[in-house]
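The values are calculated or read from the model by the stated rules, or taken from the named source; none is laboratory data. Given the structure is predicted, the values throughout are model-derived calculations rather than measurements. All Cβ positions, even for glycine, are placed from backbone atoms using ideal geometry, and neighbour counts span all protein chains on display.
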Amino acid sequence: MKMLWTGLDWIGSIVRMTGRTLRHLPHLPRQGRQLVDQCLFMGYATVPLVAILSFFIGAVLALQTGYSLVEFGAKQFIGTIVGLSVVRELAPVMTAIMVTGRVGSAVTAELASMKVYQEVDALRTMNIPPERYLVLPRLTAILLVTPILLMAAVITGWMGGQIVCQYVPWIGLTPEAYYNSLRSVMTVGDITDGLIKSISFSFGILLIASHMGLRTSGGPREIGRAVTRAVVVCIIFILIFDYFITNLLI
């Protein structure tokens with residue numbers, strides 16, 4: 001019962017923080033410099049990591065799929081399976097996990113450090129809401145950067161599958177056949193579903209990371225613990241929320 005109450009209190013705190021953050025949206029134009037800095041931080045170094053991860057996931061998926069389909073003479077459907085799997089499921093989830101490790105942990109560590117060393121209290125003393133100054137630019141930046149990360153993941157995942165199909169001798173599928181198979185079933189709705197998933201994941205990750213950071217108390221040792229908790233909670237959130245949003249979008 002105590003655990004349930006703690007969980008509800010934790011969720012309620014995030015909801016209240018979200019409301020306070022969104023209330024300051026009219027102030028966002030005055031934080032343009034912070035917004036640009038956060039976009040560069042979240043996107044510049046994360047895009048290559050997401051691209052590399054997605055490329056090899058697409059390659060492995062094509063290899064595993066090809067192994068099964070070649071036996072049944074259905075290798076022409078590899079592009080269909082890889083294309084839909086990457087855009088609807090693998091790219092959004094893998095991008096969210098990479099955002100958790102690269103962005104979520106950094107946001108938690110930064111805000112937890114500010115909380116522990118009383119910089120957040122100093123902002124409140126100067127009548128500057130932490131949600132406006134610290135959370136809002138980061139939340140906006142991750143929502144702007146996420147579609148770019150997703151598209152990088154999708155394109156490189158498709159390329160990984162195509163290269164495997166072309167150069168693995170026992171598959172031997174031409175790029176034309178691979179992409180024709182992919183285009184025959186791909187719709188705008190599939191891309192939209194992947195985008196909805198990815199943005200929802202990023203929104204939740206940033207809120208969880210910010211909440212963990214701003215609620216940190218104690219000494220410097222608590223900063224590492226806050227980062228660990230944030231990463232674990234974000235990954236659990238991604239996996240659970242993925243099921244429900246997939247069921248909703250199907």
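Applying the selection to the range 213-235, what residues are aliphatic (A, V, I, L, M) and either under 17 Å from the mean Cα position of the chain (by Cα) or under 19 Å from Thr95 (Cα atoms) (or both)?
Within the range 213-235, the subset aliphatic (A, V, I, L, M) is 214, 223, 226-227, 230-233, 235.
Once the filter is applied, which keeps residues that are aliphatic (A, V, I, L, M) and either under 17 Å from the mean Cα position of the chain (by Cα) or under 19 Å from Thr95 (Cα atoms) (or both), the range 213-235 yields Val227, Ala230, Val231, Val232, Val233, Ile235.
Of all residues in the range 1-26, which are assigned to a helix (DSSP H, G or I), at pLDDT 85 or above and either in contact with a Ser or Thr (Cβ under 6 Å, 6 or more places away or on another chain) or surrounded by 13 or more Cβ atoms within 10 Å (Cβ to Cβ) (or both)?
Ser13, Ile14, Met17, Thr18, Arg20, Thr21
Taking Gly32 as the residue in question, decide whether it is within 20 Å of Ala209 (Cα to Cα) and surrounded by fewer than 16 Cβ atoms within 10 Å (Cβ to Cβ).
Details: within 20 Å of Ala209 (Cα to Cα): no; surrounded by fewer than 16 Cβ atoms within 10 Å (Cβ to Cβ): yes.
For Gly32, the condition - within 20 Å of Ala209 (Cα to Cα) and surrounded by fewer than 16 Cβ atoms within 10 Å (Cβ to Cβ) - is not met.
Based on this model, can you work out whether Thr125 counts as buried (at least 19 other Cβ atoms within 10 Å of the Cβ) and of a type in the set (S, T, N, Q)? Please lay out each step first, then the result.
Values: buried (at least 19 other Cβ atoms within 10 Å of the Cβ): no; of a type in the set (S, T, N, Q): yes.
It is false that Thr125 is buried (at least 19 other Cβ atoms within 10 Å of the Cβ) and of a type in the set (S, T, N, Q).
Which ones in the range 35-51 are exposed (fewer than 15 other Cβ atoms within 10 Å of the Cβ) and either part of a helix (DSSP H, G or I) or without any contact (Cβ under 8 Å) to a residue 24 or more places away in the chain (or both)?
Going through the range 35-51, the residues exposed (fewer than 15 other Cβ atoms within 10 Å of the Cβ) turn out to be 36-37, 40, 44-45, 48.
Matches in the range 35-51: Val36, Asp37, Leu40, Tyr44, Pro48.
Quick check: anything in the range 185-198 surrounded by fewer than 20 Cβ atoms within 10 Å (Cβ to Cβ), charged (D, E, K, R) and over 30 Å from Gly66 (Cβ atoms)?
Pass one, the range 185-198, residues surrounded by fewer than 20 Cβ atoms within 10 Å (Cβ to Cβ): 185-192, 195-196.
Filter again for charged (D, E, K, R), leaving 190.
Remaining after also requiring over 30 Å from Gly66 (Cβ atoms): none.
No.
Suppose the filter is surrounded by 14 or more Cβ atoms within 10 Å (Cβ to Cβ) and in a helix (DSSP H, G or I); does Leu173 pass it? Quick ask: steps written out before the conclusion?
On the way: surrounded by 14 or more Cβ atoms within 10 Å (Cβ to Cβ): yes; in a helix (DSSP H, G or I): no.
Answer is no for this residue.
Determine if the range 106-117 includes at least one residue that is surrounded by fewer than 17 Cβ atoms within 10 Å (Cβ to Cβ) and either within 19 Å of Val154 (Cα to Cα) or of a type in the set (Val, Ile, Thr) (or both).
No: zero hits.
Determine, yes or no, whether Tyr67 is closer than 24 Å to Ser184 by Cα, free of Cβ contacts under 8 Å to residues at least 24 places away in the same chain and surrounded by fewer than 19 Cβ atoms within 10 Å (Cβ to Cβ).
Working: closer than 24 Å to Ser184 by Cα: yes; free of Cβ contacts under 8 Å to residues at least 24 places away in the same chain: yes; surrounded by fewer than 19 Cβ atoms within 10 Å (Cβ to Cβ): yes.
Taking the combined requirement at face value, the residue satisfies it.
Name every residue in the range 127-170 that is among the β-branched types (Val, Ile, Thr), outside any helix (DSSP H, G or I) and touching a residue at least 40 places away in the same chain (Cβ under 8 Å), in order of residue number. Steps first, answer last, please.
The first filter runs over the range 127-170 and keeps only residues among the β-branched types (Val, Ile, Thr), leaving 128, 135, 140, 142, 145-146, 148, 154-156, 163-164, 168.
Next cut, outside any helix (DSSP H, G or I) only: 128, 168.
Matches in the range 127-170: Val168 only.
Conditions first: (1) in a helix (DSSP H, G or I); (2) over 21 Å from Thr146 (Cα atoms); (3) in contact with a Ser or Thr (Cβ under 9 Å, 6 or more places away or on another chain). Phe201 passes all but one, so which condition is the exception?
Single failed check for Phe201: (2).
Those residues that are closer than 14 Å to Ser85 by Cβ and charged (D, E, K, R), I need them from the range 172-198; list them, please.
Asp190, Asp193, Lys197
Answer with yes or no whether Val82 is assigned to a helix (DSSP H, G or I), over 20 Å from Tyr167 (Cβ atoms), among the β-branched types (Val, Ile, Thr) and at pLDDT 90 or above. Give the steps one after another, and end with the answer.
Working: assigned to a helix (DSSP H, G or I): yes; over 20 Å from Tyr167 (Cβ atoms): no; among the β-branched types (Val, Ile, Thr): yes; at pLDDT 90 or above: yes.
Considered against the rule, which asks whether it is assigned to a helix (DSSP H, G or I), over 20 Å from Tyr167 (Cβ atoms), among the β-branched types (Val, Ile, Thr) and at pLDDT 90 or above, Val82 comes out as no.
Out of the residues in the range 171-199 meeting the condition of being free of Cβ contacts under 8 Å to residues at least 60 places away in the same chain and polar (S, T, N, Q), tell me which one is nearest to Tyr44 (Cα to Cα).
Thr192
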